Structures are given as structure tokens and as C-alpha cells.
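The values are calculated or read from the model by the stated rules, or taken from the named source; none is laboratory data. Only a predicted model underlies this, so the values are computations on that prediction, with no experimental measurement involved. Heads up, the Cβs are rebuilt from the backbone with ideal geometry, glycines too, and the neighbour counts pull from every protein chain shown. Heavy atoms of the whole protein, side chains included, go into the accessibility calculation; ligands, DNA and RNA do not. Shrake-Rupley method; radii C 1.70, N 1.55, O 1.52, S 1.80 Å.
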Amino acid sequence: MSNIFRAVLFITLLITSTLSKAEISVIIADKMISVENAKIITKPLIIIEDGVISAVGTQSDISIPEDANIIDLSGHTILPGLMDMHVHLTSDASVHGYKRLQRDTSRAAITGVMKAERTLMAGFTTVRNVGAPNYADIALRDAINEGDVKGPRMFVSGPSIGVTGGHCDNNLLPFEYGVKSEGVADGPWAVRTKVRQNIKYGADVIKFCATGGVLSKGTKVGAQQFSFEEMKALIDEAHLRGLTVAAHAHGTDGIKTAIKAGVDSIEHGSFLDKEAIKLAKKHGTYLSMDIYVTEYILGEGEKAGILEESLAKERTVGKRQRESFSNALKAGVNMVFGSDAGVYPHGDNAKQLSRMVQFGMSPMQAIQSATLEPAKLLKKSDTLGSIQTGKAADIIAVKGDPIEDISLLETVGFVMKEGVVYLNKS
Ligand code: ARG
């Protein structure tokens, strides 16, 4: 009996000692993109302990620790996990317009589970989810954090806040149906209450609509929604509580008003004029411009249920937005990668990178806009956005060199998030 007891004790101790020993992984590859100093490192070596990067260098200057699990990514270039600052994981790109009315929040959450995994496998280890029905995004973020579901690290907004009948409302049905989106609020105190409510239920960031939009029924894409007073109240309330604010804004006046009211990022930013660009520069406001999605909307939108009036709006917005992108870039405005995936298929996020290069970015800048810059916008540069000691081990790899061909990032071969390998085709 006592022998059995001793044997059990021995095995228990053995198991606990192996479990408590730090799990050490080592990644070696051909090249590494050092986004923080815009350099390429050849023959890199990275040591990862308990999900955190503990050393970064080259294969000639760091020796591999004993017992380390070696991940050999020869033939590959490694870079930080990509970060998309504008997604809607709970939305299905093949279901738009009236078709979407048949999808309730529970279904949206199930969509989110599928799309979160797809997004992670496409190399996006962090996303900012800006707008979801009835807090489905909060449930999804928590399920990912607790390990129930595979997906990127999520920063979420809960329901987007907007005026009655605006882009963040749902205007598809007539009055007698009484449909109103969760985030609808009019007046400075009403918007403050919505901010407080979103924080109460777990939001990390606040999203509001400062102008009309393309995909909403009956809104003028260029017209401002919310007065300066309302925007100021909303943004002040969020900042008071330590949250950043993202504003959906296509139209020039709405963009300028949101920037003056202190918003952290402008989403879409389609109709930028010289003054808007100057204001963004002066305030350090980020632009998150979804310049790929126009191709999907105009190509596949009708089939997916997008209304004709939205397609008509897109025909002018898409082109102007790309010009605005080039102008803002030349002026040196802060820019982050934001795709609006959910309007177009999740997992195709990276298609936007080649368009960013087409419209003026260097491949390095495009990669920085999807790594280093989002970390700054999220105020998470201490742990995210680059491959540096002390940061979360969010690392991806592609075959070949994405600086020579940015479209290689559309097919990643390796994905690690916080030290856990989710994909390895090497
Ligand atoms: N969610 C956005 C809206 O409805 C999509 C805009 C897409 N078009 C574009 N060119 N970025 O307004």
C-alpha cells in the first residue's frame, strides 16, 4: 500500500515539475522583418518562454538553450503577427441587406466563432472589432481568452453608437416594426450613457458613427451625424474611463468634427481635403482606411444582398477614398491597417496590403501599418506590434520575402499567438 502511495506521489511530483518548468521554444528562419527599425535581419533566432519573447538575435550570436523545442522555418521570413484595426467577426460577408435581418445575435456569435479561427489562420493575431450586435463580440473575445475558441486577440467595442436613423442604426424596416439598433443615442448625456453601458458590459474601445455610410439604408455618405457637442461628450466620457475611440467617418465635415473633438482614429476617411489632413496630422489622429473592400462590394455585393443604393454610393466612395489614402500618406498622417472584413470575407484581410502598396506605401510601411502602428493606436506597444524581448510571442511566417512581394502575406505558412503554434505548414 505504502509503495503504491509512494509511486503515485513520485509520478505526481514528476508531472508537476515538468508542467512548472518554463516551456522554451526557439524559432529559426531565413529572414526576420524588424518593424521597429525597418530592417531585415538574416538568419534570425528567437527564444520564447511562456508565451513571451525572451531573446531576439541571429543564429550566430545566440546559442540554443538545452531542451528547447526548435521550430525550423528555413526558407521563410518571419514577422510580427498582423493586426487589423477594423473587423466585424460576427458578420458574414455573403449575407448583407435584408438577408441579414434573418440573423439574430446568437447566430452572429456562431459566425464569430468560425470567422475568428479563419482570421487567426490568415496570420492576424490581433484585431479590433468595431461594432457587433448586442455584445456578441464580448462573448467571443472572452471565449478566445479562456481557450474555448481559437481566434485572434480581440479588442472589442460592443454596439456602435450613433444617431436615430444614422449609419449605426438599422433603417431597413418601416416605423411600425419599431426596429432600433442597440447603440442609438441622441444628445450629449444619452451618448455618455451609451459609453458607460458599453464599458459596463466589457468594451475595450468605443466606436461611433460620425457620418452616413455606404451600406446603411437612407444615409448620405458625406453627411455628418452627431453634432460637435455630442461627439465631444462621447469622446470625453470614453477618455475619462481610459478607452480610445474610433469614428466611422466618410464625409469631410464629420471627419474634421470628430478630429477636433479628440477622436483617436477615423475609420474609412474617404473624403479627406487638405484641411482634414492637416488636422489629422496636428492631432496625431490615426486613419484606418479600408481601401480593398470596394473591389468586393462592386464585384460580389449584389449577390450578397447589398442594396442598389449602397452600390451606387460605393461607385463614388471607393475611388475617392483611394485618392485620399495617397494624399494622407504623402502628408505623413498616422495610418493603421483596417480592412472592414465582415463586409468582405474574413481570412482575405491581407489582400488590402497590396492595395496599400499600389496606392503609395512601401512594403515595409504597409507591414508597419499592420503591426507597429496598431499597437500604438491600442496603447499596447509595451506588449504587441513587434518581435522584441518582453513582447507577446505573436509571430507569423511566409515562404519567400514579403518585402519583395507583399502579396505573399495573403498565404501565411506559420502562425504563433502568445507562444502557441496554430498553423505550421513548413
Ligand atoms: N462599412 C462601410 C460603410 O458602410 C463600408 C464602406 C466600404 N467602402 C469603402 N470604399 N471603404 O460605410
Neighbourhood net charge (14 Å Cβ-Cβ; Lys/Arg +1, Asp/Glu -1) for Ser386: 0
Distance (nanometres) between label positions extended 7 Å along Cα→Cβ at Lys220 and Asp186: 1.7 nm
Qualifying trypsin sites (Lys or Arg not before Pro) for the stretch 317-392 [loop in DSSP, other Cβ within 10 Å: at most 14]: Lys379
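Tell me the mean residue ellipticity at 222 nm calculated for the chain from its helices only (DSSP H runs of n ≥ 4, each -39500 (n - 2.57), averaged over every residue, nearest 500).
-11000 deg cm²/dmol
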Computed E for Glu308/Thr193 - FRET, C-beta separation, R0 41 angstrom, nearest 0.05: 0.70
Placed amide H near Val52: partners under 5 Å, 5+ positions off or other chain: Ala393
Where labels lie 7 Å past Cα in the beta-carbon direction, separation of Asp148 and Glu418 in nm: 1.5 nm
Accessible area, probe 1.4 Å, largest first, for residues Glu230, Glu146, Glu418, Glu66: Glu66, Glu146, Glu418, Glu230
The stretch 147-153 - phi-based ³J(HN,Hα) in whole Hz, Karplus 6.51/-1.76/1.60, Gly and Pro as x: x, 6, 9, 8, x, x, 5
Heavy atoms of Met121 accessible to a 1.4 Å probe, total area in Å² rounded to 10: 50 Å²
Ranked order, Thr383, Thr111, Thr58 - accessible area, probe 1.4 Å, largest first: Thr383, Thr58, Thr111
Relative packing of 98-106, 308-316, which averages over residues the other C-beta atoms within 10 Å, highest first: 308-316, 98-106
Amide proton proximity set for Ala29, modelled H, under 5 Å, gap of 5+: Leu73
For the chain, fraction of C-alpha pairs farther apart than 36 Å, in %: 27 percent
Residue with peak Gaussian network fluctuation, the chain [Cα springs, cutoff 10 Å], from Tyr344, Tyr296, Tyr177: Tyr177
The stretch 57-111-the stretch 246-315 distance, computed between alpha-carbon centres (Å): 25 Å
Kyte-Doolittle mean at least -1.0 and Cα axial length at least 20 Å: DSSP H helices in the chain: 2-20, 105-121
Nitroxide proxy distance, nm - points 7 Å out along Cα→Cβ at Gln102 and Thr411: 3.4 nm
Fluctuation leader among Asp30, Asp236, Asp61 - the chain, Gaussian network, Cα springs under 10 angstrom: Asp61
Accessible area of His76 in the full protein assembly, 1.4 Å probe (Å², nearest 10): 10 Å²
Per-pair calculated FRET efficiency, R0 = 35 Å: Thr389 and Lys425 via Cβ, rounded to 0.05: 0.80
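Can you tally the net charge around Gly338? Count Lys and Arg as +1, Asp and Glu as -1, for every other residue whose Cβ sits under 10 Å from the Cβ of Gly338.
Summing Lys/Arg as +1 and Asp/Glu as -1 gives -3.
When a/c is below 1.5 the answer is rounded, else prolate if a/b is larger than b/c, else oblate, so apply that to the stretch 150-221 with a ≥ b ≥ c taken from the square roots of the Cα gyration tensor eigenvalues.
Verdict is prolate for the stretch 150-221.
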Length-normalised contact order of the chain in % [C-alpha pairs under 8 Å, at least 6 apart]: 19 percent
Listed peptides 242-251, 262-271, 200-209 by packing density, highest first (mean Cβ within 10 Å): 262-271, 242-251, 200-209
Förster radius 22 Å - calculated FRET efficiency between Asp401 and Ala68 (Cβ-Cβ, nearest 0.05): 0.25
Proportion of all alpha-carbon pairs of the stretch 66-164 beyond 24 Å (%): 31 percent
Solvent-accessible area of Arg118 with every protein chain in place, 1.4 Å probe, in Å² to the nearest 10: 120 Å²
